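Visitor: Sending over a structure as structure tokens; questions will come in a sec.
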Amino acid sequence: MTAENTSQPTDLNEETRAIWNQNASFWDDRMGDGNDFQRILIGPASERLLNLQPGETVLEIACGNGVFARRMAQLGVHVIATDFSEQLLERARVRTSDHPDRIYYRLLDATREDQIVALGKERFDAAVCNMAIMDMAEIDPLMRGIRQVVKPGGRFVFSLTHPCFNNTGVAHCAEEININGDVITTYSIKVTKYLHSGPQKGLAMLGQPIPQYYFDRPLHVLFNACFRAGLILDGLEEPAFNHPHDGSKIGRMFISWVYYHEIPPVLVARLRIPN
């Protein structure tokens, strides 16, 4: 990872967009219809908190290659799926063969409040943003925009790498001890930075062409952005790989999130728009 970047948010946002456009093909090939993080942790938790009802209209922010948009369409909702990467949107369109009448893909920069509001005030029953907030140079415009386009009483669900346990200031540790002839391995997290962390580059997937930016935010910064916009937190999940069969496709590396049954790599939150 690189040292902290001192560029202004607008510059970082455009650089981040360029990086995701360059990584789009690799990301889509690896993600497909969902890796184990999406299939086991993120998707199920997001569905529980969204509690989607057939016929609803949902806004998706940072849809990537459309894996969750396609899932929501299967559940009978209409999706406006947005991303700021033209290349990822093209990949999403190619993959959308089922229920194409329920998904509309649109180029949108989630750091631009005006672009979000232009979709229509109080148009959506719900909104979702999976695993992208930590990739955004700014999040206040997103929260303010969501407050305006989701109907009163509606919900906004987002997931992200866990701010406490899965950020650029974390090291993964494994220790082996011999107890009566049995070798026992324990897994832990060492946190060296949490409260103050500037933009850092890292890899979401090994082998990706270009490292992308992470914008780590401690919990108070993350949720205060929600509260400033008038959103109300009323649901929270911290999913982890808790079963022996979890992570079968991740690969049994010596240190993998598969082994961290007590430490969640993901945080999923639900915010309500006040009536």
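The values are calculated or read from the model by the stated rules, or taken from the named source; none is laboratory data. Given the structure is predicted, the values throughout are model-derived calculations rather than measurements. Glycine also receives a Cβ, built like all others from the backbone with ideal geometry; neighbour counts cover every protein chain displayed. Areas reflect the complete protein model, heavy atoms only, side chains present, ligands, DNA and RNA absent. Shrake-Rupley method; radii C 1.70, N 1.55, O 1.52, S 1.80 Å.
Visitor: Looking at 210, 184, 177, which is the one that is part of a strand (DSSP E or B) and open to solvent by less than 80 Å² (accessible area, probe 1.4 Å)?
Guide: Values: 210 fails: part of a strand (DSSP E or B); 177 fails: open to solvent by less than 80 Å² (accessible area, probe 1.4 Å).
184 is the lone residue from the list that is part of a strand (DSSP E or B) and open to solvent by less than 80 Å² (accessible area, probe 1.4 Å).
Visitor: Looking at this structure, is residue 169 surrounded by fewer than 21 Cβ atoms within 10 Å (Cβ to Cβ) and at positive phi? Full working, then the answer.
Guide: On the way: surrounded by fewer than 21 Cβ atoms within 10 Å (Cβ to Cβ): yes; at positive phi: no.
Answer is no for this residue.
Visitor: Residue by residue through segment 56-88, note down the ones that are assigned to a loop (DSSP other than H, G, I, E, B) and buried (at least 23 other Cβ atoms within 10 Å of the Cβ).
Guide: Looking only at segment 56-88, we keep the residues that are assigned to a loop (DSSP other than H, G, I, E, B), and these are 56, 62-66, 75-77, 84-85.
Answer for segment 56-88, where residues must be assigned to a loop (DSSP other than H, G, I, E, B) and buried (at least 23 other Cβ atoms within 10 Å of the Cβ): 62, 63, 64, 65, 66, 84, 85.
Visitor: Let me ask another. Among residues belonging to segment 164-187 that are touching a residue at least 40 places away in the same chain (Cβ under 8 Å) and among the polar types (S, T, N, Q), point out the one that is farthest from residue 30 (Cα to Cα).
Guide: 185
Visitor: If you take the residues in segment 102-111 that are of a type in the set (A, V, I, L, M) and in a strand (DSSP E or B), which one is nearest to residue 72 (Cα to Cα)?
Guide: Residues of segment 102-111 that are of a type in the set (A, V, I, L, M), as a first pass: 103, 107-108, 110.
Cutting the leftovers down to in a strand (DSSP E or B) gives us 103, 107.
Details: 103: 9, 107: 19 Å.
Looking at residues that are of a type in the set (A, V, I, L, M) and in a strand (DSSP E or B), I get 103.
Visitor: Conditions first: (1) open to solvent by 60 Å² or more (accessible area, probe 1.4 Å); (2) not in a helix (DSSP H, G or I). Residue 126 passes all but one, so which condition is the exception?
Guide: If we test residue 126 against (1) open to solvent by 60 Å² or more (accessible area, probe 1.4 Å); (2) not in a helix (DSSP H, G or I), just (1) comes out false.
Visitor: Residue under question is residue 91, and the condition is that it be out of contact with any Asp or Glu (no Cβ under 8 Å at 6 or more places or on another chain) and assigned to a helix (DSSP H, G or I); does it hold?
Guide: Details: out of contact with any Asp or Glu (no Cβ under 8 Å at 6 or more places or on another chain): no; assigned to a helix (DSSP H, G or I): yes.
In short, no.
Visitor: Also: Considering segment 131-164 alone, what residues qualify as being within 18 Å of the chain's Cα centre (by Cα), more than 23 Å from residue 213 (Cα to Cα) and open to solvent by 10 Å² or more (accessible area, probe 1.4 Å)?
Guide: 155
Visitor: Does residue 107 qualify as being within 19 Å of residue 13 (Cα to Cα), among the aliphatic types (A, V, I, L, M), modelled with pLDDT of 95 or more and open to solvent by 70 Å² or more (accessible area, probe 1.4 Å)? Before the answer, list the steps.
Guide: Values: within 19 Å of residue 13 (Cα to Cα): yes; among the aliphatic types (A, V, I, L, M): yes; modelled with pLDDT of 95 or more: yes; open to solvent by 70 Å² or more (accessible area, probe 1.4 Å): yes.
Taking the combined requirement at face value, the residue satisfies it.
Visitor: Regarding residue 76, is this residue in contact (Cβ under 8 Å) with a residue 40 or more places away in the chain and at positive phi?
Guide: no
Visitor: In addition: Would you point out which residue out of 114, 98 is open to solvent by 10 Å² or more (accessible area, probe 1.4 Å), outside any helix (DSSP H, G or I) and of a type in the set (D, E, K, R)?
Guide: 98
Visitor: Taking segment 199-243 only, how many residues are over 19 Å from residue 164 (Cα atoms) and among the basic types (Lys, Arg)? Steps first, please.
Guide: Narrowing segment 199-243 to residues over 19 Å from residue 164 (Cα atoms): 205-212, 227-232, 234, 243.
After this cut, where a residue has to be among the basic types (Lys, Arg) as well, the list is 228.
Going through segment 199-243 one residue at a time, the tally reaches 1.
Visitor: Further question: Would you be able to say whether some residue in segment 4-12 is out of contact with any Cys (no Cβ under 9 Å at 6 or more places or on another chain), part of a helix (DSSP H, G or I) and of a type in the set (S, T, N, Q)? Break it down stepwise before answering.
Guide: Just the residues of segment 4-12 that are out of contact with any Cys (no Cβ under 9 Å at 6 or more places or on another chain), to begin with: 4-12.
With part of a helix (DSSP H, G or I) added as a condition, the list becomes 9-12.
Going one step further and asking which of them are of a type in the set (S, T, N, Q), we end up with 10.
Yes, segment 4-12 has at least one match.
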